[in-house]
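**Student:** Provided herewith is a single structure, encoded as C-alpha cells, for subsequent inquiry.
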Amino acid sequence: MAEKTTIARPYAEAVFQLAQQQGELKSWSETLQLCAAIASNPEMSALIGNPRIDATQLSGLFGELCGEKLNEQGKNFIATLIENDRLDLLPEIAELYEKARAEAEGVMSAEVISAQSLDKSQQEAIAAALKKRLGREVVLECRVDESLLGGAVIRAGDLVIDGSAKGQLDRLAHVLLR
C-alpha cells in the first residue's frame, strides 16, 4: 500500500541516518527485521490495534519479546512508533531501511524467475552480467515458474529482462496482431 510506505519513509530514513552515524547498519537491520516480524504476528497485530492496551503495556510487551536484541535506542524508536500510533508500520519501515542499506552498500537485489531451477554456475553468470550492467553487487533471489516454458525473467529495480519463451511468443503474437 503506497500510503503506508509514504508514512513509513521518514521513520526508515531517520533510523538509517542514525545507523550510518553509529556505523551499525547490519545491527539495525537485524533489529528492524525482528521488530517487523513481531509486529506482523497476528496476535501482536490484535494488541497493536486494541484501545484497551495502553502505550506503556505495549512498549513493555514489545521490549519483552525482543529481549536483549533491542538496545536503548531501539526501545526509544519503538516507543516513538507506539506514541505516534505507527507500530503497525514496522514491516514497511524495515523494507525501506533495507533498500537504503543496499543502496549505501552498493548492493542490489534481483529476482530471477526461470522455467527450470538454475544451478550455481548459471546463478553466478547472471549475477556477474547484472553486476557489469548495473555497476553494483547483485544478490539473486531465484524461483521457478514452469509456465515460462523456457528461459528466464529477471527483475532488478526498474530493469526487467524477459528472456522467457513465453515472453517471446507473447511479443510475436502482439506483432502479428498489429
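Every number here is computed from the coordinates shown, using simple stated rules; none is lab data. What you see is a predicted model, and the numbers here were worked out from it, not measured in a lab. Don't worry about glycine lacking a Cβ; one is built from the backbone with ideal geometry, like all the others, and counts go over all protein chains shown.
**Student:** Helix 55-66: angle to the longest alpha-carbon principal axis of the chain, degrees 0 to 90, nearest 10?
**Tutor:** For helix 55-66, the angle is close to 60 degrees.
**Student:** What are the radius of gyration and Dmax of the stretch 59-137, computed over its Cα atoms and given in Å?
**Tutor:** Radius of gyration, then largest Cα-Cα span, for the stretch 59-137: 18.7, 50 Å.
**Student:** Can you list residues from other chains, or at least 5 along the same chain, whose modelled amide H is less than 5 Å from the amide H of Glu137?
**Tutor:** So Glu137 has HN proximity to Met108.
**Student:** Starting from the Cα-Cα distance between Thr5 and Glu124, subtract it from 0.36 nm times their residue separation and give me the gain in nm to one decimal.
**Tutor:** Numbers: separation 119, 0.36 × 119 = 42.84 nm, distance 3.26 nm.
So the chain would gain 39.6 nm between Thr5 and Glu124.
**Student:** Next question. Can you tell me how much longer the chain between Val175 and Gln57 gets when fully stretched, taken as 0.36 nm per residue apart minus their C-alpha distance, in nm with one decimal? Intermediate results must be reported in sequence, preceding the final value.
**Tutor:** Values: separation 118, 0.36 × 118 = 42.48 nm, distance 6.22 nm.
Difference between extended and current length: 36.3 nm.
**Student:** Sorted by average packing, counted as other Cβ atoms within 10 angstrom per residue and highest first, what order do 11-22, 64-75 take?
**Tutor:** Values: 11-22: 16.2, 64-75: 13.1.
Ranked by mean Cβ neighbours within 10 Å, highest first: 11-22, 64-75.
**Student:** Between the stretch 127-178 and the stretch 33-85, what is the separation of their alpha carbon centroids in Å?
**Tutor:** That distance is 40 Å.
**Student:** Okay, next question. Tell me the relative contact order for the chain as a rounded percent, counting alpha carbon contacts under 8 Å between residues six or more apart.
**Tutor:** In percent, rounded to a whole number, it is 20.
**Student:** Let me ask something else. Hey, could you pull the Cα Rg and Dmax for the chain, both in Å?
**Tutor:** Spelled out, the Cα radius of gyration and Dmax of the chain are 20.8, 65 Å.
**Student:** So, one more: Roughly what % antiparallel, to the nearest 5, for the DSSP beta bridges in the chain?
**Tutor:** Details: 8 of 16 bridges.
Of the beta bridges lying entirely in the chain, close to 50 percent run antiparallel.
**Student:** Determine, from the Cβ-Cβ distance of Gln116 and Asn41 and an R0 of 41 Å, the FRET efficiency 1/(1 + (r/R0)^6), rounded to the nearest 0.05. Don't skip to the end; give the middle numbers.
**Tutor:** Details: r = 36 Å, r/R0 = 0.87.
So the FRET efficiency works out to roughly 0.70.
**Student:** Which length gain, in nm to one decimal place, applies between Lys166 and Asp85 when the Cα-Cα distance is subtracted from 0.36 nm times their residue separation? Numbers along the way, then the final one.
**Tutor:** On the way: separation 81, 0.36 × 81 = 29.16 nm, distance 4.60 nm.
Result for the pair: 24.6 nm of gain on full extension.
**Student:** Ranked from highest to lowest mean number of other Cβ atoms within 10 Å per residue, what is the order of the peptides 136-143, 167-174?
**Tutor:** With the highest mean Cβ count within 10 Å placed first, the list reads 136-143, 167-174.
**Student:** So how tilted is helix 25-40 from the main axis of the chain? Cα-based, degrees 0 to 90, rounded to 10.
**Tutor:** It is inclined by approximately 80 degrees.
**Student:** Hey, another quick one. Rounding to the nearest 10 and keeping the result within 0 to 90°, find how far the Cα-based axis of helix 165-177 lies from the longest principal axis of the chain.
**Tutor:** In the chain, helix 165-177 runs at an angle near 70 degrees to the longest axis.
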